[in-house]
């Protein structure tokens, strides 16, 4: 098995391997980085490396590697969101009980907590006790987009692995080898906001069609040819979070055009539509729309069970 570590994370990977070889790997690692930065890949590679008992770990052939691949390794625990939007104290109590038991395969025991920023105060405090007195041979990997949401006392007990985003040249070189679409690689990376993993995983034909539809609807609402209700109907059935993300990008680009006069960052192929929107809506109102979109995203991610169609209608009454 060859671990596919992103080129811009190779230094982290080498350092972690050196620590494993010297038996100095910290008992808790905080693997942090923006969404789609590749931090889950580092965590997965580390799991495979620690649990493998073959030669040239991870070998992909030993019994332990096969168990990891099948998702049935008894010394690997994944703590994540279940029925709640938080990681609850009972889950951490289960982790503590699991960690106190002897390794069934005679090697490391590894626990993944992802997303670690969703620990509530009770579960975070329970985890803190485990981190203060870590069981021997256990490695706890906390993965998060938002490390500052973790208790400072938890952060201080973890070794930070900060997964940075690549420089443009690094991202383009990596993406060029994997770009199977008919889109220019530079434009593809631009649309993905400089995130090559997002470009590969998310910028599909469907994503591009939705992006164009939203640019048309946005201009239509502004020009009066579409109503907010029609806008909401036009995106019915789409992923509401993705809709809001694209809208945020489009409107942010129009602000860049107005204030900086620069080439837009993510949507240069839609510049005509964005210029129309920028000409019709004052920049102050566009800043307000960004705030409303951010608020709508927060409502979708909360426990309020917000209705996406009503959110869109309310949002674009402001744009009309």
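Per-structure values
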quantity	calculated
Global form of the stretch 145-225, assessed from the alpha-carbon gyration tensor, a/c cut-off 1.5	oblate
CD proxy at 222 nm, helix term only [per DSSP H run n ≥ 4: -39500 (n - 2.57); per residue of the chain; nearest 500]	-16000 deg cm²/dmol
Long-range Cα-Cα pairs in the stretch 96-159 (distance over 13 Å), rounded percent	63 percent
Overall Cα dimensions of the stretch 7-55 - principal axes, largest extent first, Å	31, 20, 19
Taking the convex hull of Cα positions in the stretch 195-320, its mean projected area over all directions (nm²)	7.6 nm²
Enclosed volume per residue, in Å³, of the convex hull spanned by Cα atoms of the chain	154 Å³
Residue among 33, 71, 220 with the largest mean-square fluctuation in a Gaussian network model of the chain, springs linking Cα atoms under 10 Å	71
Rh by Kirkwood over Cα pairs, then Stokes-Einstein D for the stretch 7-162 at 1.306 mPa s and 10 °C, µm²/s	101 µm²/s
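Only the coordinates and a few stated rules stand behind these numbers; no lab work does. These numbers were taken from a predicted model, which means no experiment stands behind them.
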